[in-house]
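Everything below concerns the one structure shown next.
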Amino acid sequence: MDFDVVVVGSGLVGASLALALKTAGLKLAVVEAQPPQPVAGAADWDNRVYAISPGSAAFLERCGVWRELDMARVSQVEAMRIVGDDDRSELHFSAYDAGLRELAFIVENRELQRVLWDALKRAQHVEVIAPAACKALTLAAEAAQLELGGGRMLHARLLIGADGADSWVRAQAAIEVEMRRYHQTAVVANFATTKPHRGTAYQWFRRDGVLALLPLPDARVSLVWSTTEEHAAQLLELAREELAAQVVAASHGMLGDLTMITPAAAFPLRLQRVRQLVMPRLALAGDAAHNVHPLAGQGVNLGFRDARELARVLLQRGAQTDCGDYHLLRRYERARREDIVATQFTTDLLQRLFNNEISWLAELRNFGLRLTNRRSQLKNLLVQHAVG
Ligand SMILES: Cc1cc2nc3c(=O)[nH]c(=O)nc-3n(C[C@H](O)[C@H](O)[C@H](O)COP(=O)(O)OP(=O)(O)OC[C@H]3O[C@@H](n4cnc5c(N)ncnc54)[C@H](O)[C@@H]3O)c2cc1C
């Protein structure tokens, strides 16, 4: 056997999983098609940012990468303010009320990729094979066999697909995936503000979708505007000043005037569910295993929870246990099922509830926001799940 475990994909989930397996006593390889490239002009802000939960931050700390981040580029979310589409109904969360130091951290994608990639390259327990093209996968009783471009053949007791939403591994294993397009696009860009954000993340539920302004260090914010495909196309055609003006109007000038500091980018949105996370000799993690609407900022946090759980199962497997054993992998699948299904259900329900013109539903959703805001126990439950 060449390896005990081969991870395909060194995105945030695949890389963190490989690092979390440091003490598992396993021979590991990570296969990556497109290693991250150093970015020229890194003083600019990445327009792709994540709200990383304290639970995910603690996991990344255990992987040895959180402390490698440039903390001057990371901001803490101390409060959240969610506004309904009647512009009156609001839901507030505060770290202070929940007895926490912060609700989340806002971290640039580029910065996270950098620290994870550097740690992978340094790790003694991992062979990084990149750039590499996967050509064929065979799952036999004793081993998974992965053929790479150039003819190299890898044999592993366990193959992990962490290769994103369009997973090649998932397709090769013929794992069924149920996909529904939201017919929405997330428009992202960063702005300088004239009013301070005070560590608050803002979110407006609107008829066209959901607009979020996430705090970046100093007077800057990151926009994630999930809106209809047509509206997104219009926004992307606007000059910088015009797009800024649209965001000011949509956010009711909450943060004063905005100046765009990075170009806008767009991501099509979809819901994806898979029938199974594991089969003999194979497991899926991260976006390969689930894809959710970004309105709750949970996508990569779900993926980090997959990585954390799969690493735990493999670390606790016992020296004699084959790490690709189906019964062992089922433990991972069973442990992750509830969290994944609940997050898919909640984000999808919220998306449907607010993306709807029926008037009684409009009343109901805004009433729901106000009601939740008055129920401190319910708010605490929601916070505890989100900080997970
Ligand atoms: C607009 C937007 C905002 C978001 N905001 C948040 C947020 O605030 N918080 C949050 O938690 N989540 C957020 N998400 C979700 C988050 O982006 C994803 O969940 C996360 O990036 C998934 O990570 P991953 O490692 O599973 O997959 P990916 O990041 O897609 O990584 C997959 C890796 O596999 C590699 N790969 C692919 N195919 C192959 C192959 N055949 N062979 C070898 N390598 C391969 C790729 O090159 C890549 O490196 C957001 C998503 C969107 C669209």
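The values are calculated or read from the model by the stated rules, or taken from the named source; none is laboratory data. Because the structure is a prediction, the values reported are computed rather than measured. Cβ coordinates were reconstructed from backbone atoms using ideal geometry, including for glycine residues, and neighbour counts include every protein chain displayed. The area values use the complete protein model at the heavy-atom level, side chains included, leaving out ligands, DNA and RNA. Shrake-Rupley method; radii C 1.70, N 1.55, O 1.52, S 1.80 Å.
The DSSP beta bridges internal to the chain are antiparallel in roughly 75% of cases. Taking all Cα pairs closer than 8 Å and separated by 6 or more residues, the relative contact order of the range 177-227 comes to 43 percent. Listed values for the range 4-15 are Karplus-derived 3J(HN,Hα) couplings in whole Hz (6.51 cos²θ - 1.76 cosθ + 1.60, θ = phi - 60°), namely 7, 10, 10, 9, 9, x, 10, x, 4, 6, x, 5, and x replaces Gly and Pro. Protection proxy ranking, highest mean first, for peptides 118-125, 287-294, 18-25: 287-294, 18-25, 118-125, where packing is the per-residue count of other beta-carbon atoms within 10 Å, averaged.
With the helix formula -39500 (n - 2.57) applied to DSSP H stretches of n ≥ 4, the chain reaches a computed 222 nm mean residue ellipticity of -10500 deg cm²/dmol.
Relative protection proxy for 98-104, 356-362, from highest mean packing down: 98-104, 356-362 (other beta-carbon atoms within 10 angstrom). Taking a straight Cα-Cα cut-off under 18 Å and skipping sequence neighbours fewer than 8 places away in the same chain, no lysines fall within cross-link reach of K379.
Each Cα pair under 8 Å and six or more residues apart adds its separation to the average, and for the chain the resulting relative contact order is 22 percent.
Remark: the chain carries a charge dipole of roughly 1000 debye about the Cα centre, counting +1 on each Lys and Arg Cβ and -1 on each Asp and Glu Cβ. Please compute, over every Cα-Cα pair in the range 327-388, the percentage with a separation greater than 17 angstrom. Counting pairs separated by more than 17 Å, the tail of P(r) holds 58 percent.
Assign one of three labels to the range 246-380, namely rounded, prolate or oblate, based on the Cα gyration tensor with a ≥ b ≥ c the square roots of its eigenvalues; rounded applies when a/c is under 1.5, prolate when it is not and a/b is larger than b/c, and oblate otherwise.
prolate
Need one word for the range 137-198: rounded, prolate or oblate. Basis is the Cα gyration tensor (sqrt eigenvalues a ≥ b ≥ c); a/c below 1.5 gives rounded, then a/b vs b/c decides. Here the range 137-198 falls in the prolate category.
Using a cutoff of 8 angstrom between alpha carbon atoms and counting only pairs six or more residues apart, the relative contact order for the range 84-240 works out to 16 percent.
At full extension, E338 and D218 could sit 39.4 nm farther apart than now, given 0.36 nm per residue minus the alpha carbon distance.
Measuring nothing but protein heavy atoms, the accessible surface of the chain at 1.4 Å probe radius is 51 percent carbon and sulfur. Surface analysis of the chain yields an accessible area of 45 Å² per residue, using protein heavy atoms and a 1.4 Å probe. Taking 0.36 nm per residue of separation and subtracting the current Cα-Cα distance, fully stretching the chain between S359 and R207 would add 53.5 nm.
Work out, step by step, the length gained on full extension between D166 and R330: first 0.36 nm times the residue separation, then minus their alpha carbon distance; give nm to one decimal.
Once the chain is fully extended between D166 and R330, it gains 56.7 nm.
Overall, the ratio between the Cα radius of gyration of the range 159-297 and 2.2 N^0.38 Å, rounded to two decimals, is 1.25.
A simple rule links phi to the HN-Hα coupling: the Karplus curve 6.51 cos²θ - 1.76 cosθ + 1.60 with θ = phi - 60°, which for the range 214-226 gives 9, x, 10, x, 6, 8, 9, 9, 10, 8, 10, 10, 8 Hz, with x for Gly and Pro. In this simple spin-label approximation, R81 and R352 carry label points 7 Å from Cα along the Cα→Cβ vector, and these lie 3.2 nm apart. Among V39, V300, V30, the largest mean-square fluctuation in a Gaussian network model of the chain (Cα springs under 10 Å) belongs to V39. Shape summary: the range 274-329 maps onto an equivalent ellipsoid whose semi-axes, from the alpha-carbon gyration tensor, are 25, 13, 5 Å in decreasing order.
In sequence order, the range 335-342 has phi-based couplings of 5, 8, 3, 5, 4, 5, 5, 5 Hz under the Karplus curve 6.51 cos²θ - 1.76 cosθ + 1.60, θ = phi - 60°, and Gly or Pro positions carry x. Computed across the range 214-261, the Kirkwood hydrodynamic radius from all distinct Cα-Cα pairs reaches 11.4 Å. Under 22 Å Cα to Cα from K22, which lysines show up? Leave out anything in the same chain fewer than 8 places away. Leaving aside lysines fewer than 8 places away in the same chain, those within reach of K22 are K121. Cross-link reach is defined here as a Cα-Cα straight distance under 14 Å, omitting same-chain residues fewer than 8 places apart; for K195 the aspartates and glutamates meeting it are D218, D257.
Give the average over all directions of the projected area of the C-alpha convex hull of the chain, one decimal, in nm².
19.2 nm²
With +1 assigned to the C-beta of every Lys and Arg and -1 to the C-beta of every Asp and Glu, and no other charges, what is the dipole magnitude of the range 182-242 about the Cα centre in debye, to the nearest 20? Value, rounded to 20: 380 debye.
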